[in-house]
Each structure stands twice: as C-alpha cells, then as structure tokens.
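Asks: This is the structure, below, for whatever I ask next.
Derivation of every value follows stated rules applied to the coordinates shown; laboratory data play no part. Computed from a predicted structure; not experimentally measured. Every residue, glycine as well, gets a Cβ built from its backbone with ideal geometry; the counts of neighbours run over all protein chains shown.
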Amino acid sequence: MGKKKKVALLCSSVVLSMGMMSPVYAAPNGTNPGTPDNQQYSISGFIGHSELSKKLNQIEKSSQGEVNVEVAGYSNQGREIYTATVGSGDKVILIQSEIHGNEKTGTAALLNMLKQLGSNNSAEYQKIREEVTIVAMPMINPDATELNRRGNDLSWSEVEEDFPQLQGSAPSWNYYTYTNQYWDYASNPGFDVNRDFNPDLNYTPKAEDFPGDSSMPGWYITPEAQTVRDVYKNLMTEFGQVDVFVDLHHQGEYYVEGTDDKVTLSISGDFVPDPSSEEGSKYSQYSDTYNEELSKQLNVAAYDALQDRGNSPFDNITLYPQNLDLPGTALGSFALNGSGTVLFEVTGQTQSYGQKKIGQLVEAVETGVYGIIKGVATGDVYEINPDEYDEIPLTDRDQDYGL
Ligand SMILES: [Zn+2]
C-alpha cells in the first residue's frame with residue numbers, strides 16, 4: 001500500500017482543535033478558526049471529577065493492594081490529578097486521558113482497565129503485573145472536564161503571578177479568551193494544555209519565548225502539564241526511562257481513505273520530525289533518545305489487536321495525519337525524551353451515537369491499549385517489523401488538524 005504523504009498546515013495563527021463533542025468555532029480573536037457546528041450533545045454517559053475520585057478509591061480497595069492511587073498534583077482550580085499504578089515490572093507504560101476535557105472515552109477505558117488489571121488473577125494478567133509497571137493518569141485536566149471543554153481554567157494574569165518574569169509579555173498563542181454559544185472563555189479563560197509541554201523537562205518560562213507557536217515547544221505554565229511532567233520525570237529517575245507513553249483523545253468524524261467506511265479510531269506515533277533528519281535538525285540534541293522504531297512497533301501492536309477483533313467497528317482503524325511538528329504536545333516532548341509514543345483519536349460526537357456506540361468506542365480504546373500492554377509484557381512488540389506501521393490505512397481528511 002502506497003503511503004501518501006500529507007503536509008500539516010501549521011501556522012502561528014491557528015489553534016487546531018478537533019475534539020469529540022467539541023465543534024470548533026471561529027473565534028473573535030482569530031486564534032481558533034474551525035467549522036461552525038450546531039450539534040447538541042449529551043455527556044450523561046460520562047463521569048465528572050468527584051465520581052472519578054470515588055471510582056479510583058473503589059478500584060484501589062477492591063484490588064487488595066494491586067492498584068495504588070496517589071494524588072500527583074492539582075489543577076488550577078484545586079482538583080486532584082491522580083496516578084493509579086498497577087504492576088511492578090521494569091518496563092514503564094504511562095497512559096493519560098482527557099487532557100482535553102471534552103474527550104472522555106479514554107477515562108472510561110482507563111477505569112475499566114485498572115479494575116481488570118488489578119483484579120484478574122489469570123496467568124496472563126499475573127505476567128503483565130510482573131513484567132510492566134502501568135501508570136494511568138485519567139482525567140488530567142479536570143477543570144476542563146467540569147466545563148466540558150478543551151481548555152483548562154486559568155487566566156494569563158494568574159500565569160503572570162506564578163511567573164513574574166512574564167509580566168508584560170504577550171500571552172501564549174494557545175490562550176483562549178473567546179465566547180460562543182457553548183463556551184465562555186471570556187469569563188473563564190484557559191489554555192490548550194496539550195501545547196504547554198517542552199522536551200526540556202527542566203525548562204522554566206522565559207519572556208522571550210512568548211507568544212510562541214505550534215511548531216515551538218511549550219513552557220509548563222499550566223499546573224496540569226507541570227503535574228504530568230513531574231510524574232514523567234519521577235518515573236525517569238526511578239526506572240531510567242519511560243518506555244511507553246500513550247495519550248487518549250477524540251477527533252471529528254472521518255472516512256478511511258479510499259472507502260466509504262467511517263473511522264472508529266486513528267492512531268499515530270509521529271509528532272515531531274526525526275531529530276536525525278535534516279527536517280528535524282532543531283531537535284538534534286534528542287537524536288540519541290528519540291525512538292521512532294519503537295513508536296511504530298507499539299502502534300502496530302495496537303492496530304493488530306484491533307484487527308484481531310474482526311468485524312466493524314474495530315477494523316476501521318487508520319493512521320492519524322503524519323509528518324507533524326508539534327513539540328508542545330505531551331507526545332512530541334516525551335517522544336524526544338525516548339518514550340515509544342502512541343496517540344489514540346477516537347472518532348466522533350457522542351450525540352450522533354447512543355450508549356451502545358459509546359460502549360464500542362471505549363472498548364476499541366481498551367482493545368488497542370491492551371495490545372500495547374500485552375506486547376510489551378510478552379516482549380512480542382519488539383519483534384514487530386516497524387515498516388508495518390506504514391501499511392496502516394490513512395484517514396481521508398482534508399483540513400487542518402491537531403491533537
Ligand atoms: Zn485532544
């Protein structure tokens with residue numbers, strides 16, 4: 001199958017947002033163009049932050065010591081951001097969900113998986129717990145979850161208070177201040193947390209690095225990105241590296257390229273140009289750690305696990321647009337630090353689907369993530385031919401995009 005190269009249109013004036021249940025709007029300040037969409041939706045099938053806290057507590061208790069839940073940090077509005085750890089192996093798999101508060105199936109999938117990973121006593125699951133350490137961070141942007149929106153709940157003046165050296169600087173390019181019929185960022189402004197990461201894990205904000213743009217690293221100005229960064233750094237200290245990083249998102253509705261089939265899920269392991277290539281030369285300091293091959297193998301492991309399920313909806317899996325340069329995403333920053341990386345972008349808007357469809361989408365995420373976990377636990381993932389990645393079907397998608 002030929003690989004058709006797609007060129008990402010990334011410019012400083014564009015905030016790329018394709019969240020499920022999050023139609024994108026033209027914003028008054030011109031920083032958030034997109035397709036107006038009047039769809040209404042229900043989020044009644046998903047949980048809020050207080051229910052997350054309860055469920056994690058229940059899972060920890062019923063696991064009889066297999067799942068360890070801790071508070072890793074707090075959102076800007078003071079909500080707990082958790083880690084739930086299961087397993088004691090040398091290989092580390094960090095999985096986060098809901099960095100965009102309106103992209104919710106990943107959280108449901110993680111809770112199901114934690115329950116299973118903590119309580120299943122089959123030989124297979126015992127082996128997983130022996131071989132890998134799984135650190136789940138569900139709902140890492142809980143203030144956005146409560147507002148059912150993409151951005152967190154943090155103003156530029158609060159950022160200036162936290163970082164006095166930024167007083168008088170232009171706010172970062174990923175700062176939302178517009179209002180529309182669904183979201184009121186004017187009263188509650190916020191940031192796209194998934195542009196606030198920096199491959200320099202010790203970076204501190206400098207005025208000259210603002211406002212930045214999508215092809216430049218972020219700054220760790222948001223408490224949510226700081227918390228994930230701190231967890232990542234602590235794992236690096238403890239284990240030497242974070243072998244795998246998985247980030248669970250949603251996108252709009254698309255078709256499998258060359259077909260009339262709707263995409264269930266898109267995956268990717270490509271967020272920055274290879275530091276060893278000419279295109280990626282600005283990242284050359286990371287050329288020894290960046291591991292494109294492992295990212296490809298992990299994506300193939302997820303893809304194969306879904307293919308093994310057979311019929312639709314689990315076989316309509318595509319590659320997310322490739323050849324991106326998004327160093328401010330958690331995936332981009334952590335890939336440069338040596339993690340094998342996998343993006344999940346579940347399709348669509350919940351209002352067009354019933355509860356059954358939501359259940360299938362959650363199951364698709366679980367199936368793909370289990371493919372990764374089992375591949376790492378057995379070692380099979382390291383035997384996968386990375387070139388199989390380039391044979392995963394592409395998405396028919398002809399617009400700007402971001403994750
Ligand atoms: Zn997202």
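Asks: Efficiency by 1/(1 + (r/R0)^6): what FRET value for ALA186 and TYR255, r their Cβ-Cβ distance, R0 = 25 Å, to the nearest 0.05?
Replies: So the FRET efficiency works out to roughly 0.10.
Asks: Still on this model: Which pairs in the list LYS61/LYS91; LYS54/LYS357; LYS55/LYS233; LYS61/LYS262; LYS61/LYS296; LYS55/LYS206 are over 29 Å apart, alpha-carbon to alpha-carbon? Write out the running numbers ahead of the final one.
Replies: Details: LYS61/LYS91 25 Å; LYS54/LYS357 25 Å; LYS55/LYS233 27 Å; LYS61/LYS262 40 Å; LYS61/LYS296 36 Å; LYS55/LYS206 39 Å.
From LYS61/LYS91; LYS54/LYS357; LYS55/LYS233; LYS61/LYS262; LYS61/LYS296; LYS55/LYS206, over 29 Å: LYS61/LYS262; LYS61/LYS296; LYS55/LYS206.
Asks: Given H placed on each backbone N at 1.01 Å, which residues far from VAL263 in sequence or on other chains put an amide H within less than 5 Å of it?
Replies: Residues meeting the criterion, in which the H sits 1.01 Å from N, are TYR254, TYR255, VAL256.
Asks: Using a basic spin-label model with each label point 7 Å from the Cα along Cα→Cβ, how many nm lie between GLN77 and SER281?
Replies: Simple spin-label model gives 4.7 nm for this pair.
Asks: Short version: ³J(HN,Hα) in whole Hz for each residue of the stretch 117-127, in order, from phi by Karplus 6.51 cos²θ - 1.76 cosθ + 1.60 (θ = phi - 60°), x for Gly and Pro, what are they?
Replies: 5, x, 10, 7, 9, 5, 4, 4, 6, 4, 4
Asks: How far apart, in nanometres, would the label points at GLU70 and THR237 be if each is projected 7 angstrom from Cα along the Cα-to-Cβ direction?
Replies: My value for the distance between the label points is 1.0 nm.
Asks: Sticking with this structure for a sec: Classify the chain as rounded, prolate or oblate, taking a ≥ b ≥ c as the square roots of the eigenvalues of its Cα gyration tensor: rounded when a/c is under 1.5, otherwise prolate if a/b is larger than b/c and oblate if not.
Replies: Since a/c stays below 1.5, the shape of the chain is classed as rounded.
Asks: Can you work out the Karplus-derived ³J(HN,Hα) for every residue in the stretch 366-383? Use 6.51 cos²θ - 1.76 cosθ + 1.60 with θ = phi - 60°, whole Hz, and x for glycine or proline.
Replies: 3J(HN,Hα) across the stretch 366-383, in whole Hz: 4, 4, x, 5, 4, x, 5, 4, 5, x, 6, 5, 7, x, 4, 4, 6, 8.
Asks: If amide H atoms are built 1.01 Å from N in the plane of the peptide, which residues on other chains or at least 5 residues away come under 5 Å of the amide H of TRP219?
Replies: Amide H neighbours of TRP219: PHE197.
Asks: Excluding ASN202 itself, what net charge comes from residues whose Cβ is under 13 Å from its Cβ, given Lys and Arg +1 and Asp and Glu -1?
Replies: +1
Asks: Output ³J(HN,Hα) for the stretch 278-287: one whole-Hz value per residue in order, computed from phi by the Karplus curve 6.51 cos²θ - 1.76 cosθ + 1.60 with θ = phi - 60°, and x for Gly and Pro.
Replies: With the stated coefficients, the stretch 278-287 comes to 4, 4, x, 4, 5, 9, 4, 5, 9, 5 Hz.
Asks: A further question on this structure: Between ASN385 and ASP308, what is the label-to-label distance in nm when each label sits 7 Å out along the Cα-to-Cβ direction?
Replies: Reported label-point gap for ASN385 and ASP308 is 1.9 nm.
Asks: Non-local amide H neighbours of VAL132 (under 5 Å, H modeled in plane, Pro and chain starts lacking H): which ones?
Replies: Under 5 Å from the amide H of VAL132: SER88, GLY89.
Asks: Turning to a different aspect of this structure: Cβ neighbours within 10 Å, averaged per peptide: list 376-387, 76-87 in order, most packed at the top.
Replies: 76-87, 376-387
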